[in-house]
Structure formats: C-alpha cells, structure tokens
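Below is one structure, written out as structure tokens, with a few remarks after it.
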C-alpha cells in the first residue's frame with residue numbers, strides 16, 4: 001500500500017502519462033474542429049485499436065466482443081476476474097477526459113501492479129466500452145449491458161440520424177449480432193468492478209479535494225413529448241384564436257422547470273435538450289412541437305411523482321389552449337447504490353494519501369450503474385476544473401489523475417486481501 005510520503009514522483013509520472021494518452025485519444029474525431037467520436041463509427045474503430053495497442057504494451061492479451069467493447073486481460077489464465085474501465089465514445093463537441101480517463105487509469109494501474117510484482121488471487125480485465133453517452137442511437141449503455149447479459153435486442157431497430165439501425169451498425173463494424181450473448185460474463189467469475197471517472201460537477205473542486213467516493217448513481221427517465229396544435233398563417237390568425245403548439249410547449253417547459261425546482265432537495269433536475277417545431281417557417285404558426293425531456297433524482301418515487309405532475313400540468317395546458325399532448329418514455333433507470341464495503345475500502349485507500357475524500361452521489365449516468373446490478377461495484381471521482389464536462393473546456397489535472405491511478409492500484413491490492421480471506 002502506498003503512503004503519502006512515497007507518492008510524489010509517481011503522481012507526476014503517471015499524471016503526465018495519462019495526459020499524453022488522453023491527448024492522443026482525443027485527437028481521434030470525425031470532426032477536425034471538435035471532438036466527436038460516436039459508437040460503432042470509423043472513429044470508434046481507430047480509438048479501439050489505439051486502446052488495444054496500449055493494453056498489449058502493458059502486458060495484456062486483448063479481445064473484443066460483439067458490441068465492440070475492447071477487453072484487456074491481465075493474467076488471463078485466472079478464472080476469477082476483477083473488472084475496471086469506462087467508455088471511449090463521446091458526446092458531440094466533447095472534452096477528452098469523460099470516459100477515457102477510466103480506461104487509461106486502468107491500463108496504467110495494470111503496469112503499476114506488474115511493476116510491484118503483486119500476486120493477486122484474480123486476474124484483471126480493463127474494459128473500454130463504446131456506448132455510454134447514447135449520442136448516436138437513443139439506446140445507451142448497450143455495451144456494458146451486453147457484458148452483464150442484459151442487452152435489449154429491441155434496441156437493434158433503433159436508428160441514428162442517418163437512418164442507420166443499431167443492427168446495421170454492428171454488422172458494418174465487422175461484428176455478428178448472434179454473438180452478443182457470448183459477451184456476457186459469468187457472475188460467479190467476477191470479483192468486482194471499479195470505474196474511475198471525472199466528477200463532471202463542481203463539488204470536489206469547491207472542497208479542494210482531488211478524489212471522491214461515489215455513493216450511488218441517480219435514476220433517470222427520458223421521454224419524447226409531442227404537442228399538437230394547428231398550423232396557420234402568421235399574419236391572418238388573431239392571437240386569441242390560435243392553437244400554437246410552440247407557445248403551449250413553452251408553457252409546459254416552464255411547468256417542468258417549476259416541478260424540478262420544487263423537488264431540488266432530492267437532487268432533482270429536469271432538462272429539455274432538443275426541440276423541433278414544425279412546419280418551421282417564419283410566417284407560419286407552429287402546428288407541432290416535439291421535444292426531449294429528462295428527469296433525474298436520487299429519489300425514484302419522487303422522480304416518478306414529478307413526472308405525473310408534469311403530465312397533469314400538460315393536460316390542463318392542452319385543454320385550455322385546445323391542443324393535444326403526448327408523452328413517450330424510452331429510457332428508464334432506477335437509482336443505483338455502490339457497494340458499501342467497497343466505498344469504505346476506497347475511502348481508506350484515499351485517506352492514506354492525506355486526503356479525506358467526500359462521499360457524493362453521481363448526477364450522471366455511468367456504466368457502473370449497469371455493473372452494480374451484476375457484481376460488487378465502486379466508483380471513484382476525479383476533480384475536474386469548474387465542474388465542466390461535455391464541453392471542450394473539460395479538464396482534470398495531471399496530479400489528480402496520477403493520484404487516481406495510484407488509488408486504483410492500491411484499491412485492487414486491498415480488495416485482493418478480501419478475496420483471499
């Protein structure tokens with residue numbers, strides 16, 4: 001186990017290596033002016049190949065499953081596996097740390113474990129998932145769901161903005177749909193999972209802490225909302241006689257905001273991220289508006305109650321304005337707790353460095369929430385500047401990243417002792 005007085009040079013060395021690797025990976029993009037790396041695209045292929053080369057250089061054998069998850073296997077002869085890693089896909093106009101940091105940290109930790117000559121009772125798999133952001137298809141987390149045997153085959157018919165289905169994208173990537181089932185781990189052979197990830201929020205920075213211990217990942221509901229009115233001439237239909245779908249949708253969006261604010265104590269947030277108004281002409285009253293709606297909260301019951309409140313508000317608005325409104329839910333996850341004993345162990349490891357870490361929930365979804373329903377799971381947050389994420393300004397310092405790699409290595413060593421006992 002590493003002590004605070006011994007880690008200075010290692011933090012610098014590992015932090016610089018992490019930054020260099022993330023910069024190289026961050027240069028792989030479909031857009032020369034911004035970072036865009038979507039699931040099962042040529043850019044995903046190039047990123048996966050780069051990650052695989054790093055894994056081999058670290059002494060791992062490499063495989064890739066039917067959903068494109070790159071798996072680096074350290075000591076593949078051992079049946080029992082400890083899993084770590086994160087995702088390498090991005091949002092549109094992304095930063096380079098969200099997701100890839102967890103993959104790079106895992107690879108560097110393997111090098112540290114080998115350098116220390118640790119004799120562990122399990123092998124380690126570093127996983128580079130490809131579908132965490134949901135930026136290409138409306139489904140998300142499909143690659144980690146495949147790893148736990150819960151891939152939803154109904155999502156194969158989901159299509160991207162160009163009309164390409166997930167099934168077609170898998171085949172074009174060189175994979176076989178009938179091999180998705182084989183991607184699942186046997187839970188009897190999995191010792192646990194730990195994901196390293198930037199916080200994507202401002203809490204750790206505000207507390208001047210480099211690392212945090214995640215208590216759980218909040219639940220989410222994502223919906224499509226459609227408001228129907230009547231398109232008409234913008235110059236001839238009096239204001240009081242209009243059935244304007246956009247003004248009705250705007251009123252509903254304010255009701256959504258009000259509902260989330262009323263439940264702020266439960267960490268509830270609501271977001272309208274995409275809006276489409278039709279016909280979309282300057283001189284035509286909008287007759288149809290569709291928008292995305294997402295609710296998140298650490299309290300599943302209150303999240304669901306808030307959605308029912310919004311639906312009731314929508315019906316009242318529609319009746320008053322003579323409109324129609326419909327909701328379609330397409331994604332739902334419950335609040336997921338991280339394993340308490342792993343939280344304690346991770347806190348103990350970080351405390352030895354002279355930092356008492358905070359325990360905080362994650363307001364963002366992660367592959368860890370899928371893994372938590374399958375095996376003992378922990379998450380470690382790394383401070384990010386200004387809490388900025390999903391943005392080119394996203395940044396984590398070399399020192400914090402170096403410390404995270406050491407913490408991951410020490411955690412694996414400590415966790416191994418529990419497997420032996």
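The values are calculated or read from the model by the stated rules, or taken from the named source; none is laboratory data. These figures come from a predicted structure and were not determined experimentally. Virtual Cβ from ideal backbone geometry, glycine too; neighbours counted across all protein chains shown.
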Residue count for region 359-389, restricted to those that are over 14 Å from the mean Cα position of the chain (by Cα), part of a loop (DSSP other than H, G, I, E, B) and surrounded by fewer than 24 Cβ atoms within 10 Å (Cβ to Cβ): 5
Restricting region 238-269 to residues that are in contact with a strand residue (DSSP E or B) (Cβ under 6 Å, 6 or more places away or on another chain) and free of Cβ contacts under 8 Å to residues at least 40 places away in the same chain, the residue that is farthest from residue 220 (Cα to Cα): 266
In region 117-132, residue surrounded by the fewest Cβ atoms within 10 Å (Cβ to Cβ) [restricted to those that are assigned to a loop (DSSP other than H, G, I, E, B) and out of contact with any helix residue (DSSP H, G or I) (no Cβ under 7 Å at 6 or more places or on another chain)]: 117
Failed criterion for residue 114 (all others in (1) assigned to a helix (DSSP H, G or I); (2) surrounded by 19 or more Cβ atoms within 10 Å (Cβ to Cβ) hold): (2)
Test: residue in region 129-140 that is within 28 Å of residue 418 (Cα to Cα), assigned by TED's automatic domain parsing to the domain that holds residue 87 and in contact with a strand residue (DSSP E or B) (Cβ under 9 Å, 6 or more places away or on another chain): yes
Any hit, region 93-101, residues being closer than 20 Å to residue 374 by Cα and either without any contact (Cβ under 8 Å) to a residue 24 or more places away in the chain or not in a loop (DSSP other than H, G, I, E, B) (or both): no
Any hit, region 201-211, residues being at pLDDT 95 or above and closer than 27 Å to residue 30 by Cβ: no
Residue match in region 43-51 (condition: out of contact with any strand residue (DSSP E or B) (no Cβ under 7 Å at 6 or more places or on another chain), in the same structural domain as residue 406 (by TED's automatic domain parsing) and either at positive phi or not in a helix (DSSP H, G or I) (or both)): no
Which numbered condition residue 201 fails, given (1) part of a loop (DSSP other than H, G, I, E, B); (2) surrounded by fewer than 20 Cβ atoms within 10 Å (Cβ to Cβ): (2)
Residue check for residue 15: within 20 Å of the chain's Cα centre (by Cα) and touching a residue at least 24 places away in the same chain (Cβ under 8 Å): no
Qualifying positions in region 161-194 - part of a loop (DSSP other than H, G, I, E, B) and free of Cβ contacts under 8 Å to residues at least 40 places away in the same chain: 161, 162, 163, 164, 174, 184, 186
Filter result for the condition that a residue is modelled with pLDDT under 95 and either within 21 Å of the chain's Cα centre (by Cα) or assigned to a helix (DSSP H, G or I) (or both), over 135, 86, 144: 135
